[in-house]
Amino acid sequence: MSSSNKSLPYTTKDVHYDNAKFRHRSFFKVIYQTFFTSNVKRTSLSCSTGKFLALLLIFGIAYLMLTHTSPANSVTDRLGKGVKNSKDKLVSYGGSRLGKLLRKPPRLPPRLSPDQKGFNNSSSHESDKLNAGSKWIARQQSVKDAFIHAWSGYTKYAIGYDELMPLSQHGVDGLGGLGATIVDALDTAMIMGVDEVVSEAGSWIEKHLLDRITKKGQVNLFETTIRLLGGLLSAYHLSGGEQGMKLTHTGPKPTVYLETAKNLADRLLSAFTSSPTPIPFSDVILHDSTAHPASGGGLSSTSEVSTLQLEFNYLSAISGDPKYSVEAMKVLEHIKTLPKVEGLVPIFISPHTGEFSGENIRLGSRGDSYYEYLIKVWLQQGTAQDNSLTYLYDMYTEAMKGVRHRLVQKSIPNGLVFVGELPYGSEGAFSPKMDHLVCFLSGTLALGATKGITKEKAMKYNLLNFEDLENLKLAEDLAKTCFEMYAVTSTGLAPEIAYFHTKDFSEGGLDGGNKSSEYVKDIIIKPADRHNLLRPETVESLFVLYRITEDPKYREWGWQIFEAFEKYTKVDTGGYTSLDDVTTIPPHRRDKMETFFLGETLKYLYLLFADSSLIPLDKFVFNTEAHPFPIKGTKNDS
Ligand code: DMJ
């Protein structure tokens, strides 16, 4: 979404920026500086005192008239665009010019003179920048090497299987047997420019995938959509489909990816069309295009049914067939009508009744990407956004308020901000449990606040309202907590689940093992939760936060995490492996390389160290499996 989006529901509230950089210069200081640094000084000094005072008054009034414009005028004049509120009405900044003079001015960033800019860009700064630049280029290369190592293990021992078991050197079909690692990894290879992998993965897809799709049995609707369909669609765009980016010149023609995606999606559609409600069944039998509810009760996960829309919408856009989008969007339209607790929803939903089931509210497993897709599906529409999707933005805003109000607490003794759970609903007790999965939220909050542009730019144009600033603050606090979940363990890798020490909850002797961490008493890790599956959520958020805040600490944290992956999860013979226990050294290893390690974790690390023009966040939206799709109406020529 570009900053020029006409439908953004930004408010025009003058927000309080707690930042000296944005403090308004005093009127007297400006007059004083103008007077003593210009020709006015010479002219005035040769006049009588009366003439001088008159001149001073005239210049003072002229200054006020010229500089005290309303925020809307200054922003829209510069962008040449109107700013609309959530009801999509052009925000009017009525009132007389005098009224504007008396109103408190917006805190806009200072404008530097060319001299000042030159000073800031002195040669020592330039060489620092160059050194820093080469450091990150080298680190980016290390991530690329890790990707090649992961892929080499997979091709050596498991090509054509869904996943690699790197220790036993076997392949395993945990996702229905569609070669999931190949499709999940393909666009990462395109983004990194690893042509050999693009070519190998591309030709496997061209030769085998359609055949597999027509013959295989049961697959999970959600996993197949986010990993396989998502991977095919972004490969289509990145290889030049619909005049896309053409990041690669190897592999099959883009239409191969599109045709395969359509065939797969046509079968997946049965999950929607067989259900008696707008809520799809969880499983599909590919070979005969039938679908059925999940075993053991038939409930679907809330996150699963609400994390299909980016993919189905994009497929409709590029295929010209609206059926995919129509079916998928019915889910969100239906969920809009269901009762919620301050925007928060239970983690199960019934495809039979269309109602939520149970009371368990959390942003971890089965809940997470419901919240992610509310904002991302809204962002996906870009400037072409029609008002019919504003409800998604409103649902997201309400839910994030609910998160801040009901789920956020601070640990003791050192005040880490975390997002807990309400396992027994809004009236039940709070649980200070946070899945690593929740770490996606930090990036989503930052993206939702600035809509993909940098914080600096958003503040310069006065685009952040109170909610945005609150969400951005929570995003930064949560990123720190997620990073500390890694730093607190002996291996430097996060557990699957952490508990936080609060006044109502404490358990001795269950720390992460790194006694030198400041937070060793704040974070509790139970024995059953000590595994690490090479998950991406923290580095995903570090990537988004770095792009938005431009604070290098996020890159440094990402590098620290990458080094821990290298040290403890790399398998010499090829691939990387999950761990059983991150709190002990050496950690016991688990023999599984998840597809998302190549699809997400390494991609986000690579992008974290890359130039920000590579897959910019105001032009692309990443699906929940890190497959980027272009935002409608933006030109992706970076
Ligand atoms: C991925 O498949 C997706 O990111 C999903 O949304 C959550 N779980 C895994 C990664 O941890």
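The values are calculated or read from the model by the stated rules, or taken from the named source; none is laboratory data. As the structure is a computational prediction, the values presented were derived from the model and not from experiment. Neighbour counts run over all protein chains shown; Cβ positions are idealised from the backbone, glycine included. All accessible areas refer to the heavy atoms of the entire protein, side chains included, with ligands and DNA or RNA removed. Shrake-Rupley method; radii C 1.70, N 1.55, O 1.52, S 1.80 Å.
So if I check each of 487, 498, 494, which one is more than 26 Å from residue 429 (Cβ to Cβ) and hydrophobic (A, V, I, L, M, F, W, C)? Let's see the steps before the verdict.
Values: 498 fails: more than 26 Å from residue 429 (Cβ to Cβ); 494 fails: more than 26 Å from residue 429 (Cβ to Cβ).
Selected residue: 487, the only one of 487, 498, 494 that is more than 26 Å from residue 429 (Cβ to Cβ) and hydrophobic (A, V, I, L, M, F, W, C).
In the stretch 599-638, the qualifying residues are those that are assigned to a loop (DSSP other than H, G, I, E, B) and touching a strand residue (DSSP E or B) at 6+ places or on another chain (Cβ under 9 Å), and the one that is nearest to residue 543 (Cα to Cα) is 615. Open to solvent by 10 Å² or more (accessible area, probe 1.4 Å) and farther than 25 Å from residue 474 by Cα - does that describe any residue in the stretch 366-383? Looking for residues that are open to solvent by 10 Å² or more (accessible area, probe 1.4 Å) and farther than 25 Å from residue 474 by Cα, one finds at least one in the stretch 366-383, hence yes. Remark: residue 486 falls outside the filter, which requires a residue to be more than 16 Å from the ligand (Cβ to nearest atom) and aromatic (Phe, Trp, Tyr). Helices (runs of 4 or more DSSP H) fully within the stretch 399-514 that include at least 1 residues being buried (at least 24 other Cβ atoms within 10 Å of the Cβ) and touching a residue at least 24 places away in the same chain (Cβ under 8 Å): 440-450, 466-487. Inclusion of residue 326 among residues that are over 18 Å from residue 630 (Cα atoms) and free of Cβ contacts under 8 Å to residues at least 40 places away in the same chain is warranted. Scanning the stretch 124-160 for residues that are outside any helix (DSSP H, G or I) and of a type outside the set (A, V, I, L, M) gives a single hit, 160. Checking the structure you have, find out if any residue of the stretch 542-564 is open to solvent by 10 Å² or more (accessible area, probe 1.4 Å), touching a Pro at 6+ places or on another chain (Cβ under 9 Å) and among the basic types (Lys, Arg). Within the stretch 542-564, one or more residues are open to solvent by 10 Å² or more (accessible area, probe 1.4 Å), touching a Pro at 6+ places or on another chain (Cβ under 9 Å) and among the basic types (Lys, Arg). For the stretch 185-226, a residue qualifies if it is within 16 Å of the ligand (Cβ to nearest atom) and outside any helix (DSSP H, G or I), and the qualifying residues are 219, 220. Against the condition crowded, with 24+ Cβ neighbours inside 10 Å, more than 22 Å from the chain's Cα centre (by Cα) and within 16 Å of the ligand (Cβ to nearest atom), how does residue 182 come out, does it pass? Yes; evaluated as a whole, the condition is true for this residue.
Note on the stretch 614-638: among residues that are under 17 Å from residue 248 (Cα atoms) and of a type outside the set (A, V, I, L, M), the one that is farthest from the ligand (Cβ to nearest atom) is 637.
Has the stretch 530-540 got at least one residue that is open to solvent by 10 Å² or more (accessible area, probe 1.4 Å), of a type in the set (Asp, Glu) and not in a helix (DSSP H, G or I)? Checked the stretch 530-540: no residue is open to solvent by 10 Å² or more (accessible area, probe 1.4 Å), of a type in the set (Asp, Glu) and not in a helix (DSSP H, G or I). Can you run down the residue pairs with Cβ atoms below 7 Å, 6 or more apart or on separate chains, where the first is in the stretch 290-314 and within 15 Å of residue 357 (Cα to Cα) and open to solvent by less than 10 Å² (accessible area, probe 1.4 Å) and the partner is at pLDDT below 95 and away from the ligand (no atom under 13 Å from the Cβ)? Going by the 7 Å Cβ cut-off, there are no qualifying pairs. For beta carbons closer than 9 Å, sequence separation of 6+ or different chains, a first residue in the stretch 221-237 that is of a type in the set (Asp, Glu) and a second that is open to solvent by 10 Å² or more (accessible area, probe 1.4 Å) and away from the ligand (no atom under 11 Å from the Cβ), the qualifying pairs are 223/176. Looking at 331, 284, just one residue is open to solvent by less than 20 Å² (accessible area, probe 1.4 Å) and part of a strand (DSSP E or B), and that residue is 284.
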